[in-house]
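Since the structure comes first, as structure tokens, the remarks are kept for the end.
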Amino acid sequence: TAIESGDYHAASVINDMPVAIKLSGDTEWVPQNYDKNVYGPVPMVRALAQSLNLATVNLSQDVGLSKIATKFKQLGLTEQPQAVPAIALGAVTAPPLEVAQIYNSIANGGFRSPLRAVRAVMDSQGNTLKAFPIEVTQVAEPTAMYQLQRMMIEVMRHGTGASSRAQLGELVVAGKSGTSSD
């Protein structure tokens with residue numbers, strides 16, 4: 001969402017600084033980085049690769065929570081999630097198939113094609129009895145998705161996914177692992 005806004009790109013510097021967000025009543029949400037450290041100004045690609053929660057939450061405050069919630073739905077959630085601050089960290093309840101749909105839309109360069117277990121029903125001679133056409137809908141800007149894919153490769157090369165990627169040999173993979181802040 002940030003990249004699509006045109007205001008950010010992979011090398012944009014964002015602030016990994018403490019943040020406190022007022023919630024309903026007198027409560028505040030005070031996220032932290034997994035290691036409890038603060039890193040100051042960092043490139044967006046580093047924030048993603050190292051799962052820097054503070055940088056991500058600060059970025060989300062600029063981008064807008066409702067835009068982020070809308071993008072989740074466009075990419076593949078059945079229902080739009082609530083635009084709460086933790087949405088920036090992926091704190092969204094979603095069935096595994098919908099999460100797979102989101103990643104599929106990213107992998108397809110911003111084009112959503114509904115995941116299906118059955119593409120066609122055929123008889124014993126190989127004749128198609130019923131086919132389900134492929135539906136493709138553009139849900140994100142391809143240039144933004146390309147940047148996101150490249151950043152997700154860095155997650156697996158040098159970030160929180162590096163130990164998983166090491167098990168795959170020379171294969172180039174993109175992904176997103178995460179950390180926690182309760």
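The values are calculated or read from the model by the stated rules, or taken from the named source; none is laboratory data. Quantities reported herein were computed from a predicted structural model and do not represent experimental measurements. Because the Cβ atoms are built from the backbone with ideal geometry, glycine has one as well, and the counts that use them run over all protein chains shown. The area values use the complete protein model at the heavy-atom level, side chains included, leaving out ligands, DNA and RNA. Shrake-Rupley method; radii C 1.70, N 1.55, O 1.52, S 1.80 Å.
A few notes on this one:
- GLN80 long-range amide H proximity, modeled H, under 5 Å: none
- With at most 13 neighbouring Cβ atoms within 10 Å, loop trypsin sites (Lys or Arg not before Pro) (DSSP) excluded, longest segment of the chain: 37-115
- For segment 71-82, putting each phi into the Karplus relation 6.51 cos²θ - 1.76 cosθ + 1.60 with θ = phi - 60° gives couplings of 5, 4, 5, 4, 6, x, 6, 5, 10, 5, x, 5 Hz, in residue order, rounded to whole numbers and with x for Gly and Pro.
- Scanning residues 5 or more positions from SER51 or on other chains, those with amide H under 5 Å from its amide H are THR160, with H placed 1.01 Å from N in the peptide plane.
- Top positive-direction residue, dipole computed over the chain with Cβ charges, set VAL173, VAL99, GLN32: VAL173
- Under-5 Å amide H pairs with ILE14, H placed in peptide plane, nonlocal only: VAL42, MET44
- 3J(HN,Hα) along segment 8-21: 9, 8, 4, 8, 4, 8, 10, 9, 8, 10, x, 9, 10, 10 Hz, from the Karplus curve 6.51 cos²θ - 1.76 cosθ + 1.60 with θ = phi - 60°, whole Hz, x for Gly and Pro.
- Computed [θ] at 222 nm, deg cm²/dmol, the chain (DSSP H ≥ 4; -39,500 (n - 2.57); rounded to nearest 500): -10000 deg cm²/dmol
- Dipole of the chain, positive direction: furthest Cα of ILE21, MET152, GLN50, with charges on the beta-carbon: MET152
- Gap separating the Cα centres of segment 133-182 and segment 59-120, nearest whole Å: 14
- Per-residue SASA remark: THR78, around 90 Å² accessible (1.4 Å probe; ligands, DNA and RNA not included).
- Estimated vicinal HN-Hα couplings, Hz - segment 141-158 in sequence order (Karplus 6.51, -1.76, 1.60; Gly, Pro = x): 5, x, 5, 5, 5, 4, 4, 5, 4, 4, 5, 5, 5, 5, 4, 7, 7, 10
- Accessible area in square angstrom per residue, segment 1-129, 1.4 angstrom probe: 57
- Highest GNM mean-square fluctuation among PHE132, PHE72, PHE111, for the chain modelled with Cα contacts below 10 Å: PHE132.
- Accessible area, probe 1.4 Å, largest first, for residues GLU170, GLU135, GLU28: GLU170, GLU28, GLU135
- For the chain, the carbon plus sulfur part of the accessible surface works out to 54%, probe radius 1.4 Å.
- Label corresponding to P(r) over Cα pairs in 5 Å bins from 0, in percent when calculated from the structure given, among [x] 1, 9, 18, 20, 20, 15, 9, 5, 2, 1, 0; [y] 1, 7, 11, 14, 15, 15, 12, 9, 7, 5, 2, 1, 1, 0; [z] 1, 8, 14, 18, 20, 15, 10, 5, 4, 3, 2, 1, 0, 0: [z]
- Heavy-atom SASA rank of HIS158, HIS9 (probe 1.4 Å, accessible area, largest first): HIS158, HIS9
- Total charge dipole magnitude, the chain, about the Cα centre, Cβ charges on Lys, Arg, Asp, Glu only, Debye to nearest 20: 400
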